[in-house]
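Below is one structure, written out as structure tokens; comments come after it.
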Amino acid sequence: MIVEASSRDADRYLAPSFEAQRLELIGMSMFPALWPGDQFEVALAGSMSSGDVVVFVGGDGRRLAHRVQGHCSRSGLYLTIGDTNAKEDAPVPETAVIGRVVTVRRCVLGRWLIVPRVFWRRRVLPTGVAWTLRWVASGLVRFSRRVGVT
């Protein structure tokens, strides 16, 4: 899941004066827990546990939001995976972690609503089911764009 921050770079997130930042999601790797267009607040990652959604800088420099699967305290590496991804990401060093998702907002009928933690805190569906829903949802998005429905 690629994370877009309106005109801010990763260095700003890693600054000591970090405050919670609002970001927007792009992509489907965390669907159905997090949807494209969702906005969320990221706070400095204190202690993170398995199941937390974190934002980190990937190997290619993009900011990604994925779920923590595990942490090795000796090496300082996190194992992360998108809910609809078939395999885990490359291990993520603690220094690449920007923060932990603390609040998710979703636009429903033109109003921004806070999504209760129970819907995004833990993996909602098994990978195969989530991938199928992702495939159907992306097809519906493509169809609605083709026929002009927004």
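Can you work out which of the residues in the stretch 68-84 that are surrounded by fewer than 16 Cβ atoms within 10 Å (Cβ to Cβ) and not in a strand (DSSP E or B) is farthest from the chain's Cα centre (by Cα)? By that ranking, first place goes to ARG74. So how many residues does the stretch 37-73 have that are within 23 Å of ARG106 (Cα to Cα) and either in contact with a Gly (Cβ under 6 Å, 6 or more places away or on another chain) or not basic (Lys, Arg) (or both)? Number satisfying all stated conditions: 19. For first residues located in the stretch 29-54 and modelled with pLDDT of 90 or more, partners that are acidic (Asp, Glu) and surrounded by fewer than 21 Cβ atoms within 10 Å (Cβ to Cβ) and lie 6+ apart or on another chain with Cβ distances below 6 Å form the pairs GLN39/GLU24.
Can you spot a residue in the stretch 30-49 that is part of a strand (DSSP E or B), surrounded by fewer than 16 Cβ atoms within 10 Å (Cβ to Cβ) and of a type in the set (Asp, Glu)? Looking for residues that are part of a strand (DSSP E or B), surrounded by fewer than 16 Cβ atoms within 10 Å (Cβ to Cβ) and of a type in the set (Asp, Glu), one finds none in the stretch 30-49, hence no.
Can you tell me which residue is modelled with the highest pLDDT among those in the stretch 100-142 that are polar (S, T, N, Q) and over 18 Å from SER49 (Cα atoms)?
Within the stretch 100-142, the subset polar (S, T, N, Q) is 103, 127, 132, 138.
With the extra rule that they be over 18 Å from SER49 (Cα atoms), the set shrinks to 127, 132, 138.
On the way: THR127: 61, THR132: 70, SER138: 74.
Result: SER138.
The values are calculated or read from the model by the stated rules, or taken from the named source; none is laboratory data. As the structure is a computational prediction, the values presented were derived from the model and not from experiment. Virtual Cβ from ideal backbone geometry, glycine too; neighbours counted across all protein chains shown.
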